[in-house]
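Following: one structure in structure tokens, then a few remarks.
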Protein chains: 2
Amino acid sequence: MSDTVSRVTIHQVAAAAGVSVATASKALNERGRMTPETRQRVQEVARNLSFRPNAMARALVHQRSFTLGLLTNDTYGRFTLPVAAGLSAAMADRGVSVFLCAIEDDPQRAWLNLEAMEDKRVDGLVIAGKRVDRGLPITLPALSMPVVHVNAECPEGGVGFVPDDEGGAYLATAHLARLGCRRIAHITGPESFAAVHLRVAGWRRALEEAGLPAPGGALFGEWSERFGYETGQRLFSAGAERPDAVFCGNDQIARGLIDALTLLNLRVPEDVAVVGFDNWELFAQAARPPLTTVDMELKGLGREAGLTLLDMIDGKPVERGVRRQPCRLVTRRSCGGP
Amino acid sequence: MSDTVSRVTIHQVAAAAGVSVATASKALNERGRMTPETRQRVQEVARNLSFRPNAMARALVHQRSFTLGLLTNDTYGRFTLPVAAGLSAAMADRGVSVFLCAIEDDPQRAWLNLEAMEDKRVDGLVIAGKRVDRGLPITLPALSMPVVHVNAECPEGGVGFVPDDEGGAYLATAHLARLGCRRIAHITGPESFAAVHLRVAGWRRALEEAGLPAPGGALFGEWSERFGYETGQRLFSAGAERPDAVFCGNDQIARGLIDALTLLNLRVPEDVAVVGFDNWELFAQAARPPLTTVDMELKGLGREAGLTLLDMIDGKPVERGVRRQPCRLVTRRSCGGP
DNA sequence: CTCGATTGAGAAAAGGTTTTCCCAAATCTG
DNA sequence: CAGATTTGGGAAAACCTTTTCTCAATCGAG
């Protein structure tokens, strides 16, 4: 029983139950008509033989493989793994499995994987990237299956899922304003990122709504602790009109900023409140004090993308265009409040 | 041509080429005997129709799906994503695709995915974890397919792949000794990790070989920047016999340590040389100076695991037990030298 | 008691390939 | 030129399910 090499087929079940394979199939799938006794007998026999239908034979007749492809160029993993986990989990619950295709920004590898997915007859494709304003290194050929894009550039007429960067930034800034902060600065990444501009927009919107100034505009730089640290030193050693809060473009910048503030003997959150972006636990939890930050709900993004893809596969009408999934503010101690 | 819904089959190719499906199949697979003209004609027709054989139909007759399952509980992604990328890439080159199953330490989810993999008739299974001394939350039932374990506890008689922690630590320490360091400390993670003990062992072996002392033994704590920072302050503010080098159990600790040293006006690497472990680019590159560190070659681990699994599937004899794949020292500026 | 309707269950086709024979025609051997 | 061998190519089974018919037996009604 342990080293079963050849698997039990529905023929064996049928034989053991003394019925035809047709009847066996119908019994197991709750289809067709037969006496309850027959149905039960077949089901019990199947259970005893621990029969599991061959998904490929099944796929062949259903013209549907219950299989998806996930193409990603994010080897770094910060974005894709949560997305993949969310996708995989939601799909597993529906009997759908996900092929992982890691294409390292290599068009040839992308092509190879794309062909493999076609050959394996996946029902649909998820294209996941690391930047909403960049596509993957593939010009998708006329594919014979539906496609959704996650956290990547979405071509005209396609279906895309991205975090609502603007909304997330608004959430963070409005939270600071509500806590009584009056001069809320924004330190963020390079201007070349679309996400940077969206977050700036959210920051501005919240400031306007609260009737607050945007002191000196946003400070652009890079996504590193170092940039947060250096900018913090510059911003807070110049006496005068110092911010009483900073909304940072990501958690690393926030981490660096907090280091700088600590060095300058400024207390977080009493003297300066800080909010980050990403909820990258590694940074957010390790910061002292632990970081209030914006979670992009990447797992949810993966889940929604998968569910929508299933709808498309089922032929349900699906609205084209990019959906911005709401972010969630995770409050920890770096900005005071409850 | 763009919205092709139903795909072209070998029957259509055969018809178009004026041969039987048997001949068509043989022509395309370089099998059987026929005139070169016939073969070429079939191949050309197939190309023109952009025929691609249905992998599932194929799998059905070959009793082989050219498909693998990757079960992981590492949602965090630090370890599994590189492993998965290496695995996926190596397999793609061989026409094998990989199902990703993210089971979040949830036995029920594990079971669900395991059944899905059985149903989909994967040829083999890769079980990947985040700690070499922990298994996944599944007691593998008598599986009908070969299994390899990566970066996870490997059951008696199984086949496993882990980084050679001891060797990596030796590499790092020996490098410091070769550069002339005489008092090489070791700051690392919790004693509950097997990897911690292995790295301590490598550190000790290198010290012994170089005839150096192990000042005060290894310093155990946690895998955080904070621990590196605090231990650095403690270790280096006490005057007297200060180390002239530190081998850190991971890059985060090293990063924290460097922060502490900088604050104490100790120069890296002139006053204290530092080596990390993980080569997590995010930390290693961002550190100032950039960190010399040990790379566990996780992609290679994934690749080797996959290739060995393929051997097992092919019925080739494969030695049981755990293989320790060598690490690689990545030299940057934090320990001087060339 | 007969005719039509219902019921339970099986035969066979379909889904797309590969592979094992098998056969007729062409080629070679003596 | 008769017989043996090679050659090119096809028919059909196999892989495992599902689904659509079909059919005999049973049932109810008149």
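The values are calculated or read from the model by the stated rules, or taken from the named source; none is laboratory data. As the structure is a prediction and not an experimental result, all values here were calculated from the model. With ideal geometry, Cβ positions are generated from the backbone for all residues, glycine too; neighbour counts draw on all protein chains shown. Each accessible area value is taken on the protein alone, full model and side chains, heavy atoms only, with ligands, DNA and RNA left out. Shrake-Rupley method; radii C 1.70, N 1.55, O 1.52, S 1.80 Å.
Just checking: which of the helices (runs of 4 or more DSSP H) contained wholly in segment B:1-103 hold 3 or more residues that are facing another protein chain (nearest Cβ under 7 Å) and within 16 Å of DNA strand D (Cβ to nearest atom)? Lay out the reasoning, then the answer.
Working: elements: B:10-17, B:21-28, B:36-48, B:55-62, B:80-92.
In segment B:1-103, B:55-62 are the helices (runs of 4 or more DSSP H) which contain 3 or more residues that are facing another protein chain (nearest Cβ under 7 Å) and within 16 Å of DNA strand D (Cβ to nearest atom).
Would you check which residues across segment B:104-120 are of a type in the set (S, T, N, Q) and more than 9 Å from chain A (Cβ to nearest Cβ) and list them?
Narrowing segment B:104-120 to residues of a type in the set (S, T, N, Q): B:108, B:113.
Hit for segment B:104-120 is B:Q108, nothing else.
Examine segment A:76-95 for a residue that is under 30 Å from A:G124 (Cα atoms), basic (K, R) and more than 10 Å from DNA strand C (Cβ to nearest atom), and state whether such a residue exists.
In the first step, residues of segment A:76-95 are kept if they are under 30 Å from A:G124 (Cα atoms); the result is A:76-95.
Going one step further and asking which of them are basic (K, R), we end up with A:78, A:94.
Then keep just the ones that are more than 10 Å from DNA strand C (Cβ to nearest atom); that gives A:78, A:94.
Yes, because at least one residue in segment A:76-95 is under 30 Å from A:G124 (Cα atoms), basic (K, R) and more than 10 Å from DNA strand C (Cβ to nearest atom).
Search segment A:25-41 for residues being within 9 Å of DNA strand C (Cβ to nearest atom) and closer than 19 Å to B:D119 by Cα, and hand back the single one that is surrounded by the most Cβ atoms within 10 Å (Cβ to Cβ).
Looking at residues that are within 9 Å of DNA strand C (Cβ to nearest atom) and closer than 19 Å to B:D119 by Cα, I get A:A27.
What number of residues within segment A:138-163 are touching a residue at least 40 places away in the same chain (Cβ under 8 Å) and open to solvent by 40 Å² or more (accessible area, probe 1.4 Å)?
1
Tell me, which residue of segment B:10-24 that is within 9 Å of DNA strand C (Cβ to nearest atom), open to solvent by less than 40 Å² (accessible area, probe 1.4 Å) and among the small types (G, A, S) is farthest from the chain's Cα centre (by Cα)?
This residue is B:A14.
Considering only segment B:58-65, I want to know if a residue exists there that is within 21 Å of A:V122 (Cβ to Cβ), open to solvent by 50 Å² or more (accessible area, probe 1.4 Å), touching a residue at least 40 places away in the same chain (Cβ under 8 Å) and within 16 Å of DNA strand C (Cβ to nearest atom).
Initially, segment B:58-65 is screened for residues within 21 Å of A:V122 (Cβ to Cβ), giving B:58-62, B:64-65.
Restricting the remaining residues to those that are open to solvent by 50 Å² or more (accessible area, probe 1.4 Å) gives B:58, B:60-62, B:64.
Checking which are touching a residue at least 40 places away in the same chain (Cβ under 8 Å) leaves us with B:64.
Still in the list and also within 16 Å of DNA strand C (Cβ to nearest atom): B:64.
Yes - at least one qualifying residue is present in segment B:58-65.
Of all the residues that make up segment A:106-122, how many are assigned to a loop (DSSP other than H, G, I, E, B) and open to solvent by less than 20 Å² (accessible area, probe 1.4 Å)?
Step one: list which residues in segment A:106-122 are assigned to a loop (DSSP other than H, G, I, E, B), which gives A:106, A:120-122.
Restricting the remaining residues to those that are open to solvent by less than 20 Å² (accessible area, probe 1.4 Å) gives A:122.
Selection size over segment A:106-122: 1.
Answer yes if at least one residue in segment A:29-46 is in contact with a Lys or Arg (Cβ under 9 Å, 6 or more places away or on another chain), under 19 Å from A:V96 (Cα atoms) and free of Cβ contacts under 8 Å to residues at least 24 places away in the same chain, and no otherwise.
There is no residue in segment A:29-46 that is in contact with a Lys or Arg (Cβ under 9 Å, 6 or more places away or on another chain), under 19 Å from A:V96 (Cα atoms) and free of Cβ contacts under 8 Å to residues at least 24 places away in the same chain.
Of all residues in segment B:123-150, count the ones that are at pLDDT 85 or above and within 22 Å of B:P317 (Cα to Cα).
At the first step, the residues of segment B:123-150 found to be at pLDDT 85 or above are B:123-130, B:145-150.
With the extra rule that they be within 22 Å of B:P317 (Cα to Cα), the set shrinks to B:123-127, B:145-150.
Residues that pass the stated criteria total 11.
What tally of residues in segment B:177-201 results from selecting those that are touching a residue at least 40 places away in the same chain (Cβ under 8 Å) and open to solvent by less than 40 Å² (accessible area, probe 1.4 Å)?
Final tally of qualifying residues: 11.
Yes/no per residue for (1) surrounded by fewer than 21 Cβ atoms within 10 Å (Cβ to Cβ); (2) under 20 Å from A:A201 (Cβ atoms); (3) away from chain B (no Cβ under 14 Å); (4) of a type in the set (G, A, S):
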position: A:P213; (1), (2), (3), (4): yes, yes, yes, no
position: A:L219; (1), (2), (3), (4): yes, yes, yes, no
position: A:E230; (1), (2), (3), (4): yes, no, no, no
position: A:A238; (1), (2), (3), (4): yes, no, yes, yes
position: A:E270; (1), (2), (3), (4): yes, no, yes, no
position: A:G276; (1), (2), (3), (4): no, yes, yes, yes
position: A:N279; (1), (2), (3), (4): no, no, no, no
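Any residue in segment B:195-207 that is in contact with an Asp or Glu (Cβ under 9 Å, 6 or more places away or on another chain), modelled with pLDDT under 95 and among the charged types (D, E, K, R)?
Scanning segment B:195-207, I find no residue that is in contact with an Asp or Glu (Cβ under 9 Å, 6 or more places away or on another chain), modelled with pLDDT under 95 and among the charged types (D, E, K, R), so the answer is no.
Could you tell me whether B:F247 is assigned to a helix (DSSP H, G or I), aromatic (F, W, Y), crowded, with 21+ Cβ neighbours inside 10 Å and at negative phi?
Numbers: assigned to a helix (DSSP H, G or I): no; aromatic (F, W, Y): yes; crowded, with 21+ Cβ neighbours inside 10 Å: yes; at negative phi: yes.
No, not satisfied.
Is there any pair linking a residue in segment A:242-266 that is more than 17 Å from A:T292 (Cβ to Cβ) to one that is in a helix (DSSP H, G or I) and polar (S, T, N, Q), with Cβ under 8 Å and at least six apart or on different chains, and which?
Cβ pairs passing all conditions: A:A260/A:T231; A:A260/A:Q233; A:L263/A:Q233; A:L264/A:Q233; A:L264/A:S237.
Is it true that some residue in segment B:6-13 is farther than 22 Å from A:A59 by Cα and of a type in the set (S, T, Y)?
Checking segment B:6-13: not a single residue is farther than 22 Å from A:A59 by Cα and of a type in the set (S, T, Y).
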